[in-house]
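S.K.: Sharing a structure with you now.
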Amino acid sequence: MPKSHSPKQQSAKAANKLEQDDACINTAEREQARRSANMAAIHGKDTKPEMVVRKWLWGHGFRYRLNHPRLPGKPDIVMRKYRTCIFVNGCFWHGHHVSLTTASSPKGEGSDILLTSSECCKIPKTNRDFWVKKIQRNKERDLKVQKELALMGWHSITVWECELKPNHQERTLQSLAYTLNKIFLQDHSVKHYEIPEEEPMMAAEEMLDN
């Protein structure tokens, strides 16, 4: 025969369950608030990775402008001498190495975006759909900006946050300098024009014979 509980015990049990549910909700809310605060603290300008690149370039004799308002995307670093824009991208915000695919919605309503996290860009489980769509928009905008810059005759270089970690930083920056110098030489190389050969002039003897 199942054990029966008195109304008082049932009420206490229900109250305890409500407290546990509230605790779970509060924990989720606190986690969401913490994540939102962390994201809000990340600024688009003067980020730590960007400052590393800027300091290294300046120390090695490269001169630049910042966030040129007349160029598409307001590039982080603009190097007019090299006709090059440098974007220092955060791996999470710009979806570094993530895999984006589109699949038909199981409900038959349009399609769903499937995103596979990478080592340096892990999508949060909380509010995942929001982050997937945001990262997709960022990647599409990045590509659009680079195409617009190319049409204007500008080169684009992307330096990723993960490439500036201590064990990769020097190699990444040396590679950046090499690429800049290569671009400069290619754009300013002397073009050799061949003078078309003309028909040889008639010798004086030939003119007298005629």
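Just so you know, all these numbers are worked out from the coordinates, no wet-lab data involved. Here the structure is a predicted model, which is why all the values come from computation and not from measurement. Ideal geometry is used to build each Cβ from the backbone, glycine not excepted, and the neighbour counts take in all protein chains shown.
S.K.: With each pseudo-label sitting 7 Å past Cα toward Cβ, what's the residue 158-residue 48 distance in nm, one decimal?
M.R.: Distance between label points: 2.2 nm.
S.K.: Among 117-126, 75-84, what's the highest-first ranking by average C-beta atoms within 10 angstrom per residue?
M.R.: 75-84, 117-126
S.K.: According to a simple spin-label model (label point 7 Å from Cα along Cα-to-Cβ), what is the distance in nm between residue 185 and residue 171?
M.R.: Inter-label distance under the simple model: 2.2 nm.
S.K.: Roughly what would the spin-label model give for residue 68 and residue 99, points 7 Å off Cα along C-beta, in nm?
M.R.: With each label point 7 Å from Cα toward Cβ, the separation is 3.8 nm.
S.K.: Can I ask one more? From the cross-link list 45/144; 55/165; 74/139; 74/122; 81/139; 48/165, which pairs have alpha carbons spaced over 18 Å apart?
M.R.: 45/144; 74/122; 81/139
S.K.: Using modelled backbone amide H atoms (1.01 Å from N, in-plane), which distant-in-sequence or interchain residues come within less than 5 Å of residue 156's amide H?
M.R.: For residue 156, the qualifying residues are 85.
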